[in-house]
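Structure, as structure tokens:
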Amino acid sequence: MSDTVSRKVRIAVVGLGKMGMSHFAMVNAHPDVETVACDGSAFLTSVLSKNIPTPIHKDFDSMLSEEQLDAVVIATPSRAHAPMVEKALEAGLHVFCEKPFCLDWTDSERLTKRAYEKGLVAQVGYHYRYVGAFGEMKRLLDAGAIGTVTHVLAEAYGPVVLRPKRATWRTDKAEGGGCLYDYAAHPLNLLNWYFGAPDRVSGSVLSSVFSEGTDDEVFSTLQWNEGPTAQLSVNWSDESHRKMTTRLSMIGTNGRLFADRQECQLYLREEVPGLDGYGRGWTVKYTTELTEDRWFYLRGEEYSGQLDDFILAVKAGKTAATENDFASATETDKTMAMIIENAETGAPVGAASARKVEAPKKRGWFGGRRA
């Protein structure tokens, strides 16, 4: 790979569906980047090729062999993540992969090890870690603000599947993983960030509301031996929300803590020495005041922030400079596998016993469409 410090970073965005187009817009606008794109849709690549100067490819393997790249952003349907990430790593490319990382956590572990061995920047797009209110929640927990945490509720709701309809890749369990991997992954990743991997999962329910063959709602109880018990409640068939809403509530021996995309609320029974800006009773701080301005901005601080960190890490030749690395995403993949096993067997599942999840064999996908 050529020196990336003295020139622009050359990045390929792979998969130009909803999130892929968003990443493409951000990467294409970044002043330190030269962009390449790839998608399996002949119509889409033809239209883009006629209207923008960016090189557009229809085949991932051909693109890897023909282009001189530094990194890839993989935004394909979830089932394609593992094979594409593996090919990119073997080509010596840094990788930003959309969440979830892999549908099989054993693939996640293997690819995490490979990225480390090759000294490559490896990041997964769990953007909520870049939201100021959730970052403040972590800071307050690390400071012991609410004492011993005894009660946690992690929620996510939104309007993805609101009526019976033909399945898309996102609602096909073998391709996208269903509500668990698409929606529940976000609050689970935050729980992993705050408390690590759970030691025990029980009471899990994966239920369909309108979908056939996949889950539209998720319930589960997660327990940490040296930490709290958390209830997970997720539903992507909730029309009362305009878009996905993720929120966490916690109660501890010294108060209560709440965070969502907009704000972080803290109630203290007693003041905590050294915790400036928070007194007894309620204090509310908003994401706008908790978020540092980014020198590069497009779409939102969290989305532009995560990609900017990835690009700067690649440019600087760093290997572990990003918050959302493969290892942290693997922790979330394994937590979801525990929930699936518990829901299928009804028996509590410990972290050491999570089995490999076998997905049904299906035809391949690329860029949100059948290959």
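Just so it is clear, none of the values below were taken in a lab; they were calculated from the coordinates. Please read these numbers as outputs of a predicted model, since none were measured by experiment. Quick reminder, even Gly has a Cβ in these numbers, built from the backbone with ideal geometry, and neighbours come from all protein chains shown.
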Notebook entry, point to check: What is the gain in length, in nm to one decimal, between Arg242 and Lys87 on full extension, counting 0.36 nm per residue of separation less the C-alpha to C-alpha distance?
Noted result: 52.1 nm
Notebook entry, point to check: Would you list Met19, Met338, Met84 from fewest to most Cβ contacts within 10 Å?
Noted result: Met19, Met84, Met338
Notebook entry, point to check: Once the convex hull of the C-alpha atoms of the chain is built, how many Å³ does it hold per residue, rounded to a whole number?
Noted result: 142 Å³
Notebook entry, point to check: FRET efficiency for Glu344 and Ala197, Cβ-Cβ distance as r, R0 = 25 Å, nearest 0.05?
Noted result: 0.80
Check: What is the fewest-to-most order of Glu289, Glu226 by other Cβ atoms lying within 10 Å of their Cβ?
Finding: Glu226, Glu289
Next item on the list: May I ask which residue of Ser78, Asn324, Tyr128 lies farthest towards the positive end of the charge dipole of the chain, with charges of +1 (Lys, Arg) and -1 (Asp, Glu) on Cβ and the Cα centre as origin?
Entry: Ser78
Next item on the list: Grab the Cα-Cα distance for Val209 and Glu292, subtract it from 0.36 nm times how many residues apart they are, and report the gain in nm with one decimal.
Entry: 25.9 nm
Next item on the list: Please work out how much length the chain gains when fully extended from Glu67 to Leu275, using 0.36 nm per residue of separation minus the C-alpha to C-alpha distance, in nm with one decimal.
Entry: 69.8 nm
Check: What is the order of Trp105, Trp236, fewest Cβ neighbours within 10 Å to most?
Finding: Trp105, Trp236
